1. Round to the nearest 10 and give me the degree value, 0 to 90, for the angle of helix A:60-72's Cα axis relative to the longest principal axis of chain A.
2. Would you list B:157, A:41, A:140, B:283 from fewest to most Cβ contacts within 10 Å?
3. Quick one: grab Rg to one decimal and Dmax as a whole number for segment B:88-189, Cα atoms only, in Å.
4. For chain B, max minus min Cα coordinate along each principal axis, in Å, sorted largest first?
5. Compute the label zone of residue A:282 within segment B:346-366: residues whose backbone N is under 17 Å from the point 7 Å along Cα-to-Cβ.
6. What is the gain in length, in nm to one decimal, between residue A:183 and residue A:265 on full extension, counting 0.36 nm per residue of separation less the C-alpha to C-alpha distance?
7. Just for the protein assembly as shown, what percent of DSSP beta bridges are antiparallel, to the closest 5?
8. Using the Cα atoms of the protein assembly as shown to build a convex hull, what is its mean projected area in square nanometres?
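What follows draws every value from the coordinates through simple rules; no lab data is involved. Model, not experiment: these values are computed from the prediction. No Cβ is skipped: glycine too gets one built from the backbone with ideal geometry, and neighbour counts run over all protein chains shown.
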């Protein structure tokens, strides 16, 4: 197994699938010659040619629509939206045209498209580069939502997303791109969509997270352990489909839970998870399930983002509140 | 799969420069409103049988539209956008293509879909909100009608890129109206097509109104055809009430696209005789005089006169086709009404290839 950071793992997944399936195309703004602003596609155009990996003119809606049109002709497009805030320009093509293609055609057409986008705060990027917009996607019928937290998962989930015959919104946290290296299996390694991962076992409380917040949750669990609290940490990996079974199994053991998300608090992934916990595990709960999230403001780029983003300390505080309920 | 090319034009503006000028463009016409040939050079090469087939389709489409309006009033159709007046652009543009060419329509463009191979009862089912209406049969090269104005323009652009990558000599055509030409997707699509030199035809049926908003308020551009210049593609303006001008322009654009010459924007000036939809009242924004003036340019009358002079068509032919069309509409609306009803469970199963657990669970409620 090779040591890779998340960028390298994503590139490896793209290379494996470009090589395996001649229908896979990779395109977007600046993805070709230089390999994207984060170099996630570096070298792929040289390896697979300009007919497989190419730059497009600068227009996100057209990038999305191009993917839908190509999908109807048997291609498997991977469309990069350069930064998460730019998806607003492409919402119709991603969340309506791609997401509804199977329904609208009664299955005659489908959209095996991966919309890749970097997202997430803490990197001092420009405005509208680092929001967490997964809430928009999970409210949208017909599209899957994937948020990896580590290099191996990023590779395995990316290959599964590319092979999936429905559209996938694949969100790559900017602060994880080069955060650390880890062992990544070689070749056609897949992680199924819809299976969460218990990244740390515990018995007193369940902390549910995804993306970068998995690491923030682990730091909080380390702090809690110092006070003798054993926290279980679940990495959701995918928000649609959501692996509620793993969450429920954990709560049956711990009887307490909190959900951590980087996105604004109201009506997001955490709210949905708690609603499902209510439906399936309320009798196992000793305390209300709390959310640790960003406040309901616009994302404050750069200057005060570290104060805005959920911290281990806020998670510890919420966990203690739950434990002392 | 990818073996074609995505080469940009050698010189920017090359495709457009000799077509669109800064002067006013006179719309291409083959027939005068009186049905006389005014431009023999642009006359498409069609046999007598083909000419009669085109007239057959136009009369059939007009009758179908008359019937559909009534069916709508009876509640037997759902959303329906009338087409009368636009038979020249709709029938003509489809007729100029091959069955291998691919259509990305707007919601009014049902005739193009049906003449391209979509069974009429499915067009009715689409109007009624039945999913089977969008279940395009294998081998029929069309997408479902698009509701979001302009979204289909980008799909056609992607379809055309697919053809080019696969080295297939096929063309994608997409339709929108004068209102659609103001959408961002319209510019984005044409710009992509220019940049990748794609085999696509952007066909704008300029019927003078975007629901109620008149063309004068839609744009300050000299014409919609001029907008091709900005994207570096061919731009053509034609008389959309002249079916032969439509066929001539689309055939030429398709031939150029097939030979690797890139995209064309066609602005066809036309008029819808009826309101925008069944819930619209055109008398609120159009004058009687204007409607009467356009009625004189009726594409059926013009082409009919031409065929009558050639001895190819008569009043009796029109009467016969009307009867055939009425019978076909009756048969297909019955078939639509007898189609198995949709269920919420079926709807749930149409969201993903494999229904995920949360949706399986929701199915249990229905």
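1. So the inclination is approximately 70 degrees.
2. Working: B:157 31, A:41 28, A:140 19, B:283 9.
The order, fewest Cβ neighbours first, is B:283, A:140, A:41, B:157.
3. So, for segment B:88-189, Rg and Dmax equal 13.2, 38 Å respectively.
4. 65, 53, 41
5. none
6. 26.2 nm
7. Details: 11 of 67 bridges.
Of those bridges, close to 15 percent are antiparallel.
8. Values: hull surface 129.5 nm².
Averaging across all directions leaves 32.4 nm² for the Cα convex hull.
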